[in-house]
Amino acid sequence: MDIGSGRTRTWRAALVTLALGLAACEPVAEGDVRVTMSGGDGTQRGYPSHLFQDGWSVQFTKYLVSLGDFTLTSAAGEQRASSEHVLVDVQKGDIPLTELKGLTAGRWGVGFRVSPPREDTKLPDGSVSAEDLAMMRERGYSYWVEGVAVKEGVGVYTFRMGFPVDARMVDCVNGVDGTLGIVVPEGSVGKAEVTIHAEHMFYDRLGTHRGVQLRFDAFAATADARKVITPEGLSSQKLLDLRGPDGTELRDGQGKPVVYEPGAYTVKTLQEFVTQSIVDQAHLNGGGVCTVAH
């Protein structure tokens, strides 16, 4: 037996064990993520008439969004989540939602859920009334919007509209650089902004962002005698038989019939069309789109 050789192997094994132990004790690089929400210029400043095919301008006075369950998933499958569900008014400005601390530095996938208020839904910034919370919960709305629409030669209309979206947003692309998710920086704070693109509700096509036009004539045609547009009014507007305020076929400024294209979706009314159109209007860090997983 070679005693020297045996001692050498023993020392080598001890050194390997020591090295592994020291590596295991090395601190893991960590960072934090601050989550905010914004409606951008659309909800805060509105949309001027030149953006609409039919010449309307729109200004919101209230844009309520109900969402929560913000989740980050690492490449290794680790998940960190905030179970909070909130109702906020993005018309009033950008809103801090939550902060996740002590995450391993590196890339993380982003997900969250837009859904109607729950029993534990919070009003974090005081911009939303308890009455609006109760109304949205009772009617199953995750979005509630109020505002004014104006068209020269037609008049001033007000709207109070709610939409029952319930969708889990996953695999969000970062609108800043086009990569998937966000990077948690070592020793610093990463930013994740849920950005609402309110123009989706005025799209005239589903399933695409290309070739869409913003329209409002079909909304206005459903207004009551006080020129108020409601969810019930939108539900009365049949997509295959769009009607103007006088009950005749709805036509555009060139005299052509107004057409909404539902694509592969089975929607029968303007209310159903808009609800489907805004399902994916919540983006990440500006224009980063997310995959809808109901």
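The values are calculated or read from the model by the stated rules, or taken from the named source; none is laboratory data. Worth saying up front: this structure is predicted, and the values here are computed from it rather than measured. With ideal geometry, Cβ positions are generated from the backbone for all residues, glycine too; neighbour counts draw on all protein chains shown.
Evaluation of T275 against the conditions (1) within 22 Å of the chain's Cα centre (by Cα); (2) surrounded by fewer than 18 Cβ atoms within 10 Å (Cβ to Cβ); (3) in a helix (DSSP H, G or I); (4) of a type in the set (S, T, N, Q) shows that the sole unmet condition is (2). In region 17-39, the residues that are closer than 23 Å to G93 by Cβ reach residues that are at pLDDT 95 or above and assigned to a helix (DSSP H, G or I) with C-beta atoms within less than 8 angstrom, at least six apart or across chains, in these pairs: M37/V90; S38/V90; G39/V90; G39/Q91; G39/A198.
Among the residues of region 228-236, is there at least one that is within 26 Å of V156 (Cβ to Cβ), assigned to a loop (DSSP other than H, G, I, E, B) and in contact with a helix residue (DSSP H, G or I) (Cβ under 6 Å, 6 or more places away or on another chain)? Outline the logic, then answer.
So the first thing to find is which residues in region 228-236 are within 26 Å of V156 (Cβ to Cβ), and the list is 228-236.
Filter again for assigned to a loop (DSSP other than H, G, I, E, B), leaving 230.
Right, trim to in contact with a helix residue (DSSP H, G or I) (Cβ under 6 Å, 6 or more places away or on another chain) and you get none.
Within region 228-236 (the criterion being within 26 Å of V156 (Cβ to Cβ), assigned to a loop (DSSP other than H, G, I, E, B) and in contact with a helix residue (DSSP H, G or I) (Cβ under 6 Å, 6 or more places away or on another chain)), the answer is no, since none of the residues qualifies.
Listed by position, the strands (runs of 3 or more DSSP E) inside region 89-179 whose residues that are touching a helix residue (DSSP H, G or I) at 6+ places or on another chain (Cβ under 9 Å), in contact (Cβ under 8 Å) with a residue 40 or more places away in the chain and not charged (D, E, K, R) number at least 1 are 143-151, 155-163. Report, by residue number, each residue of region 263-294 that is among the polar types (S, T, N, Q) and touching a residue at least 12 places away in the same chain (Cβ under 8 Å). Of everything in region 263-294, those that are among the polar types (S, T, N, Q) and touching a residue at least 12 places away in the same chain (Cβ under 8 Å) turn out to be T269, Q271, T275, Q276, S277, Q281, N285, T291.
For region 29-68, a residue qualifies if it is outside any strand (DSSP E or B), under 30 Å from V170 (Cα atoms) and among the polar types (S, T, N, Q), and the qualifying residues are T43, Q44. For region 56-63, the criterion of a residue being of a type in the set (D, E, K, R), closer than 25 Å to G162 by Cβ, within 20 Å of the chain's Cα centre (by Cα) and surrounded by 16 or more Cβ atoms within 10 Å (Cβ to Cβ) is satisfied by at least one position.
Residues that are more than 20 Å from E199 (Cα to Cα), over 27 Å from the mean Cα position of the chain (by Cα) and β-branched (V, I, T) within region 213-272 comprise just one, T248.
Taking region 278-294 as the search range and keeping residues that are among the hydrophobic types (A, V, I, L, M, F, W, C) and assigned to a loop (DSSP other than H, G, I, E, B), which one is farthest from H200 (Cα to Cα)? My answer is C290.
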